[in-house]
Ligand code: T1G
């Protein structure tokens, strides 16, 4: 622990400067609010001080409360004694000088100040809802007063970070200075310019913008309606709305009390605990225990993608979206044109939806250069192979890449399951080969599974992990096995959902259970979306490789009937032309019954809980095997993959976190019972038995 003070106080030419210095993000850890309070009191007591500046040291202003303190039974200071209260009560003007981030309690302290200036690249926000709570430091009462209730609702319920120029337009900031300027000097000058201005502008004393809620009282119910689907089973978003509503109906101090009450309902709830777990799991996943922290990261400036299909196009977009020039290679002009057209229409859809500005679309599209010769990609720093999931096809591509790519280029494959070494050994530089498995749609899903080949160098692996983060992904490391970590842990889930049909379930029943649990879509509907023929090809490959492979006759029959999903108008569900709504199909029910009868499987009914546990416990068991084999570093990495690769509901933390809420012993006992009933596929993993015997939570399980 460094002995540097967390908060420094100095004066300069009649201006007091309070500097928060609590790396890495100036969180409001114990001692920081106290330091701010001392500084404000000291400045107010010093007759030589005319005004005050509050600023952050290092790379940011204040990133919010210290999340690690939540759920620890910490004592919170009473209303009136918190740093933003003291800032608000200052008799001398206080100027918040923001760079980097002012988030959560950081923005709340800044709004307790009289003025706020920020560097152009700074971002402000109240992201508390993303960790299952609400702005508990006056944010729900001040933001509506300074930006209007409607803008406050949008910012607080979305939790989004707002760029400084946009925040200036909302009235949250008083001035934006160029990044090249000396923010501290600018803040001191600004403080001098307002030192004698009275009355002091206090957001807590404003009510003009609250008129908006009187003119449009329905805005709160409208917001509740608009979030109903994505806020299912959650409380924080609704408490956020209630707190902002209180700002429009109660005097400020009473509003603070209401905010406090609504906050306290959330901090220790399951939802907030799970979301805090997910927040830290997403940071832990970047830590690579078997790769030295000082491993050099290659400088990646240009990319190339081989294959302009759906995935290849999505991957190219991922690079272009984050400023990388990227060349897309297809061997025929026709395939290339089709791929470029698909990319353009994807961007146009975003523009139509309003999530992308037209000029930004053009800038991104211009970064994607179509080419038809391997020579055209030779000087790229990284190339990603995205061709058919057929080993010979991939090996041919890697042979060509080996022949043309410049020395030191990263040669990555997007394969979702094939042994990385099959591609690496088609080159003379296996150390430069690794897996970079994107999830469909690649420009949307945040998970990037980085897969180690036997020869992959630490530099190539570390660079690929860092590259994923540079293109907005969450990179997670996986060892090399069939299905790596994500798909391998998901495979038993896919098997179990098909076997449930043999035993009497219908697709719509299983899907409803998983949607009620919190998934955006049920697994059968997802299968129809991605195409049932893909899984069919994988099953045939595995059956050919492994005579004991458990066939799925119903799934095979559906595909052999030509029902490949949405793309053929029918799969597990029936689809009306031009409509993606899944409709239960009596033909599927008939096929299920027919094949189950052929198999002689006794039909029965299922409770929702049994369906849920049959699917998820099968994956928990496989996850334990993955951990004991050292294919994943830690259980929380598997959770990150399920959150960002499969849409596991975030407010339940992740697959292993959720299983921990049930308890490792209960999970083991249930799997043992299914082992007796169903045989080998339910044999408990060795690690699962060890965890149950030692009563160790899954989230503490480490790689074997
Ligand atoms: N508390 C504790 N640790 C934090 C933290 C926080 N608020 N924010 C970041 N860290 C740690 C993080 O775990 C990592 O640790 C390191 O800092 C770098 O983070 C009363 C109740 C600010 C945008 O939700 O969004 O205020 O892994 O890798 O990519 O109303 O951190 O190095 O050990 O994410 O540059 C509201 C959360 C809190 C902001 C920077 N604030 N943080 O991103 O770095 S609740 C937030 C972030 C609150 C009040 C309420 C991001 C960032 P380690 P990083 P980054």
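How about segment 602-704: which helices (runs of 4 or more DSSP H) wholly inside it have at least 2 residues that are modelled with pLDDT of 95 or more and closer than 25 Å to residue 236 by Cβ? Spell out the reasoning first.
Values: elements: 608-628, 635-645, 655-662, 664-678, 686-694.
Passing ranges, in order: 608-628, 635-645, 655-662.
Here residue 401 does not qualify as assigned to a strand (DSSP E or B), under 18 Å from residue 380 (Cβ atoms) and touching a residue at least 12 places away in the same chain (Cβ under 8 Å). Looking at segment 182-275, the helices (runs of 4 or more DSSP H) lying wholly inside it that each contain 1 or more residues that are within 23 Å of residue 170 (Cβ to Cβ) and out of contact with any helix residue (DSSP H, G or I) (no Cβ under 7 Å at 6 or more places or on another chain) sit at 183-194, 211-215, 219-227, 236-249. For the subset of segment 440-463 comprising residues that are in contact with a strand residue (DSSP E or B) (Cβ under 8 Å, 6 or more places away or on another chain) and in a helix (DSSP H, G or I), which member is nearest to residue 480 (Cα to Cα)? The residue in question is 461. Only a single item in (1) surrounded by fewer than 14 Cβ atoms within 10 Å (Cβ to Cβ); (2) in a loop (DSSP other than H, G, I, E, B); (3) within 16 Å of the ligand (Cβ to nearest atom) is not met by residue 48, and it is number (3).
Within segment 201-220, residues that are in the same structural domain as residue 87 (by TED's automatic domain parsing) sit with their Cβ atoms under 6 Å from residues that are part of a loop (DSSP other than H, G, I, E, B), at 6+ positions apart or across chains, in these pairs: 201/114; 209/148; 212/148.
In segment 103-128, the qualifying residues are those that are within 11 Å of the ligand (Cβ to nearest atom) and surrounded by fewer than 24 Cβ atoms within 10 Å (Cβ to Cβ), and the one that is nearest to residue 177 (Cα to Cα) is 123.
Here residue 293 passes the criteria (1) touching a strand residue (DSSP E or B) at 6+ places or on another chain (Cβ under 8 Å); (2) within 16 Å of the ligand (Cβ to nearest atom) except the one numbered (1). When residues in segment 62-95 are screened for being assigned to a loop (DSSP other than H, G, I, E, B) and either near the ligand (Cβ under 10 Å from one of its atoms) or at pLDDT below 95 (or both), 17 of them pass. Kindly evaluate residue 325 against the criterion of being within 16 Å of the ligand (Cβ to nearest atom) and touching a strand residue (DSSP E or B) at 6+ places or on another chain (Cβ under 9 Å). No, not satisfied.
The values are calculated or read from the model by the stated rules, or taken from the named source; none is laboratory data. Just so it is clear, the model here is predicted, and its values are computed rather than measured. Cβ coordinates were reconstructed from backbone atoms using ideal geometry, including for glycine residues, and neighbour counts include every protein chain displayed.
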